[in-house]
Amino acid sequence: MRIGYAAGAFDLFHVGHLNLLRHAKQHCDVLIAGVVSDEMLREVKGIEPVIPTGERAEIVRHLRFVDRVYVETSPSKLDAWRDMHFTHFFKGDDWRGTPKGLLLEEQFAEVGVEVAYLPYTVHTSSTALRRALAAITASAELQTAGAS
């Protein structure tokens, strides 16, 4: 049985997240979605989540192609593997050949997990959405200040 694991923040859920999880499910029998906790987002990425962990997990849990959700509370993907025992780890192909991607491949090879890269949705990202929201907010604040 192929047990897949695809992790992400899934904050400001967008079509790139949807594509990753949908494509991952096409390559496994059971798909576990790893949702990075608020604490890990702050610690590892220096990002303040917009949507709290519990709500992000609830959104992802209700996608028809996600069989289980696992909330990541450790920066090590091997910790997730120890808890969930998946056989395949899915990541966007923007990680292929990068130092982080190569490290994941090396670590998972030691425990028999195959790392598979899936198409990355180039036209959208949480970072781009954050920038757009910041620009909208700044523009609205300038208009409000100018109206005063």
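It is to be established whether one or more residues within the range 78-87 are part of a strand (DSSP E or B), open to solvent by less than 30 Å² (accessible area, probe 1.4 Å) and either at pLDDT below 85 or within 21 Å of V36 (Cβ to Cβ) (or both).
No, the range 78-87 contains no residue that is part of a strand (DSSP E or B), open to solvent by less than 30 Å² (accessible area, probe 1.4 Å) and either at pLDDT below 85 or within 21 Å of V36 (Cβ to Cβ) (or both).
Scanning for something open to solvent by less than 30 Å² (accessible area, probe 1.4 Å), in a loop (DSSP other than H, G, I, E, B) and not basic (K, R), does the range 92-103 turn up at least one residue?
Checked against the condition, which is being open to solvent by less than 30 Å² (accessible area, probe 1.4 Å), in a loop (DSSP other than H, G, I, E, B) and not basic (K, R), the range 92-103 yields no hits at all.
Take A24 and decide whether it is buried (at least 21 other Cβ atoms within 10 Å of the Cβ), modelled with pLDDT under 95 and in contact with a strand residue (DSSP E or B) (Cβ under 7 Å, 6 or more places away or on another chain).
no
Could you say whether any residue in the range 59-67 is in contact with an Asp or Glu (Cβ under 8 Å, 6 or more places away or on another chain) and within 25 Å of E114 (Cβ to Cβ)?
no
Could you list, in sequence order, the residues of the range 37-48 that are open to solvent by 20 Å² or more (accessible area, probe 1.4 Å) and not in a helix (DSSP H, G or I)?
G46, I47, E48
Checking D67 against (1) more than 14 Å from the chain's Cα centre (by Cα); (2) more than 13 Å from A6 (Cα to Cα): exactly one of these is not met. Which one?
It fails just one condition, (2).
Pick out the one residue from P75, P49 that is farther than 24 Å from R131 by Cβ and modelled with pLDDT under 95.
P75
Is it true that some residue in the range 100-107 is touching a strand residue (DSSP E or B) at 6+ places or on another chain (Cβ under 7 Å), of a type outside the set (G, A, S), at pLDDT 95 or above and within 18 Å of H23 (Cα to Cα)?
So far as the range 100-107 goes, no, none of its residues is touching a strand residue (DSSP E or B) at 6+ places or on another chain (Cβ under 7 Å), of a type outside the set (G, A, S), at pLDDT 95 or above and within 18 Å of H23 (Cα to Cα).
Scan the range 4-13 residue by residue and report those that are under 16 Å from L118 (Cα atoms) and surrounded by fewer than 22 Cβ atoms within 10 Å (Cβ to Cβ).
A7, G8
Of these, D29, D67, which one is exposed (fewer than 14 other Cβ atoms within 10 Å of the Cβ) and at pLDDT 95 or above?
Answer to the selection: D29.
The values are calculated or read from the model by the stated rules, or taken from the named source; none is laboratory data. All values reported here derive from a predicted model rather than from experimental measurement. FYI the Cβ positions are ideal-geometry reconstructions off the backbone, even for glycines, and counts take in every protein chain you see. Accessible surface areas use protein heavy atoms only, side chains included; no ligands, DNA or RNA. Shrake-Rupley method; radii C 1.70, N 1.55, O 1.52, S 1.80 Å.
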